[in-house]
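Report on the structure given below.
No value in this document is a laboratory result; all are computed from the given coordinates. Predicted model, so just to flag it, every value in this text is computed and none were measured. Ideal geometry is used to build each Cβ from the backbone, glycine not excepted, and the neighbour counts take in all protein chains shown.
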Amino acid sequence: DMEIAIKVVVVGNGAVGKSSMIQRYCKGIFTKDYKKTIGVDFLERQIEVNNEDVRLMLWDTAGQEEFDAITKAYYRGAQGCVLAFSTIDRDSFEAIETWKKKVEDEVGPINMVIVQNKIDLIDEAVVHSDEAEALAKKLRLRFYRTSVKENLNVDEVFRYLSEKYLEE
Ligand code: GDP
Ligand code: MG
């Protein structure tokens with residue numbers, strides 16, 4: 001069989017847990033202070049979906065979320081996108097549509113998913129679950145709640161994007 005490789009970009013405001021999510025998914029680890037390894041643009045993980053081997057390449061935006069020129073190069077060629085916000089960061093939720101547009105302006109319409117991370121901190125939530133669901137409905141996107149810390153639902157996000165890609 002031909003090997004299938006999918007480039008996925010994980011975007012969202014700083015500190016929502018993007019780098020942690022990629023580390024968790026590809027290396028199986030969670031650390032409190034993840035520092036990007038200089039020179040590494042992405043991590044990868046191979047999974048099986050519908051009897052096909054899929055190689056997921058997960059691109060991180062290097063903690064330079066505010067520098068458009070740098071991050072645009074990361075989006076190029078992406079076939080999937082995780083739009084991430086944090087349970088305890090209202091601004092990160094309100095920025096989701098802007099992130100969606102930024103990615104689409106660069107790569108056109110691709111498979112996307114909205115992820116509410118840090119669901120383990122639900123007691124401190126500043127985003128109502130109704131609001132998040134309404135946004136997902138409005139944007140017609142699948143919505144997942146994850147805890148990278150507790151390793152909750154992270155695999156499901158990337159499996160979903162892989163399945164969507166294979167459906168095309
Ligand atoms: P990024 O800027 O979006 O890449 O965010 P990071 O991955 O650097 O994470 C920012 C902080 O949030 C770090 O201290 C992480 O350990 C923490 N973090 C990430 N995911 C979770 C989670 O699911 N729950 C909790 N409680 N903290 C998390
Ligand atoms: Mg980061």
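Remarks
- Amide H contacts of VAL148: LYS118, ILE119, each under 5 Å away and 5 or more positions distant or on a separate chain (H built 1.01 Å from N in the peptide plane; Pro and chain starts excluded).
- Added length on full extension, which subtracts the Cα-Cα distance from 0.36 nm per residue, ASN151 to GLU124: 7.8 nm
- Helix-only [θ]222 nm of the chain, DSSP H runs n ≥ 4, -39500 (n - 2.57) each, per residue, nearest 500: -10500 deg cm²/dmol
- Neighbour-limited loop hits for trypsin sites (Lys or Arg not before Pro), region 67-149 (at most 14 other Cβ within 10 Å; DSSP other than H, G, I, E, B): ARG76, ARG140
- DSSP-defined antiparallel bridges as percent of all bridges, the chain, nearest 5: 30 percent
- Rounded to whole Å, sorted largest first: equivalent-ellipsoid semi-axes of the chain, Cα gyration tensor: 22, 18, 17
- Note on ASP89, ASP120: ascending count of other Cβ atoms within 10 Å places them as ASP120, ASP89, the fewest first.
- Alpha-carbon centroids, region 149-168 and region 71-87: separation in whole Å: 14 Å
- Exceeding the 21 Å Cα-Cα cut-off - candidates LYS27/LYS164; LYS18/LYS100; LYS102/LYS149: LYS27/LYS164; LYS102/LYS149
- Length added when fully stretched, GLU104-ASN50, from 0.36 nm per residue minus Cα-Cα: 16.7 nm
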